[in-house]
1. If you place +1 on the Cβ of every Lys and Arg and -1 on the Cβ of every Asp and Glu, how big does the dipole about the Cα centre of region 81-171 come out, in debye to the nearest 20?
2. Over all directions, what mean area does the Cα convex hull of region 56-116 project, stated in square nanometres?
3. State whether region 99-209 is rounded, prolate or oblate according to the following rule on the C-alpha gyration tensor (a ≥ b ≥ c being the square roots of its eigenvalues): a/c under 1.5 gives rounded; otherwise a/b larger than b/c gives prolate, and the remaining case gives oblate.
4. Can you compute the label reach from Phe193? Point 7 Å from Cα along the Cβ direction, backbone N cut-off under 20 Å, restricted to region 151-166.
5. So which helices of the chain fit the span-like rule, where a helix is a whole DSSP H run, its Cα atoms reach 27 Å or more along the axis, and its mean Kyte-Doolittle is at least -0.5?
6. Order 157-163, 186-192 from most to least packed using the mean count of other Cβ atoms within 10 Å.
7. Please give the contour-minus-distance gain from Tyr150 to Asp82: 0.36 nm per residue of separation, less the Cα-Cα distance, rounded to one decimal in nm.
8. Do you know the relative contact order of the chain, to the nearest whole percent, from alpha carbon pairs under 8 angstrom that are 6+ apart?
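The values are calculated or read from the model by the stated rules, or taken from the named source; none is laboratory data. Keep in mind the model is a prediction, meaning the values are calculated, not measured. Here the Cβ is made from the backbone with ideal geometry for all residues, glycine too, and neighbour counts use every protein chain on show. Side chains included, ligands, DNA and RNA excluded: accessible areas come from the protein's heavy atoms. Shrake-Rupley method; radii C 1.70, N 1.55, O 1.52, S 1.80 Å.
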Amino acid sequence: MKRIVFCDFDGTITVEETFVAVLKKFAPELSAQLIPEIYAKKLTLRKGVKQILQSIPSASYPEIVEFTKPQSIRPGFIELLDFLEFQGVPLVVISGGLRGMVEVVLNDLVQRIEAIYAVDVDTSNAYLKVNSQYEGDTELIAKVQVMDKYPADEKIAIGDSITDLNMALQASIVFARPPLTKYLDEKQKPYIFWNDFLEIRDYLAQSWS
């Protein structure tokens with residue numbers, strides 16, 4: 001059976017919600033206005049996040065990457081990677097955040113990940129310009145579009161927020177943390193609640209044995 005794991009980055013691989021913290025720090029007024037609308041589903045991620053990002057001066061980009069560097073990775077992630085490698089199952093990271101943030105936090109682990117899909121920014125002008133190859137109707141990175149690139153019998157999604165809802169709805173198995181759990185309850189989509197990646201590894205080890 002062909003399996004693949006799709007994992008969100010922000011607040012999932014990282015302990016803290018880094019990207020939202022970046023938006024609030026570098027575009028405080030616009031974030032205060034638009035982020036509540038995104039969570040309330042009155043404004044799409046695509047429009048809201050793009051608007052906030054493109055209001056940030058390009059000169060701030062190195063500071064954004066530095067701000068992200070000290071973020072902690074949630075316990076058990078390396079053990080999950082070890083287990084998946086042993087099983088021959090690839091892990092793909094799909095993030096609605098910035099590629100530079102993902103890569104600086106993962107550091108050497110980048111080499112152990114099948115692929116990273118995230119938002120790229122052009123810093124050649126006065127303000128950041130968002131580039132996304134996978135822009136969808138509502139998302140800057142349409143996670144389902146990325147999933148469709150990988151045919152598999154079993155697609156496993158790991159996430160924590162509204163940004164992971166579409167991905168979770170398309171997956172065979174979903175590991176969810178709040179607030180994603182609330183959105184999945186509304187859609188009556190079953191999921192497995194998790195705290196750390198060791199729980200995910202143990203669950204998969206048991207169900208695949």
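1. Value, rounded to 20: 160 debye.
2. Working: hull surface 18.5 nm².
Its Cα hull, projected and averaged over all orientations, spans 4.6 nm².
3. Working: a/c = 1.94, a/b = 1.52, b/c = 1.28.
Since a/c reaches 1.5 and a/b is larger than b/c, the shape of region 99-209 is classed as prolate.
4. The answer is 157-165, whose backbone nitrogens lie closer than 20 Å to the label point.
5. None pass (Cα extent of 27 Å or more, hydropathy at least -0.5).
6. On the way: 157-163: 24.6, 186-192: 11.7.
Descending packing order for the listed peptides: 157-163, 186-192.
7. Using 0.36 nm per residue and subtracting the Cα-Cα distance, I get 22.4 nm.
8. 26
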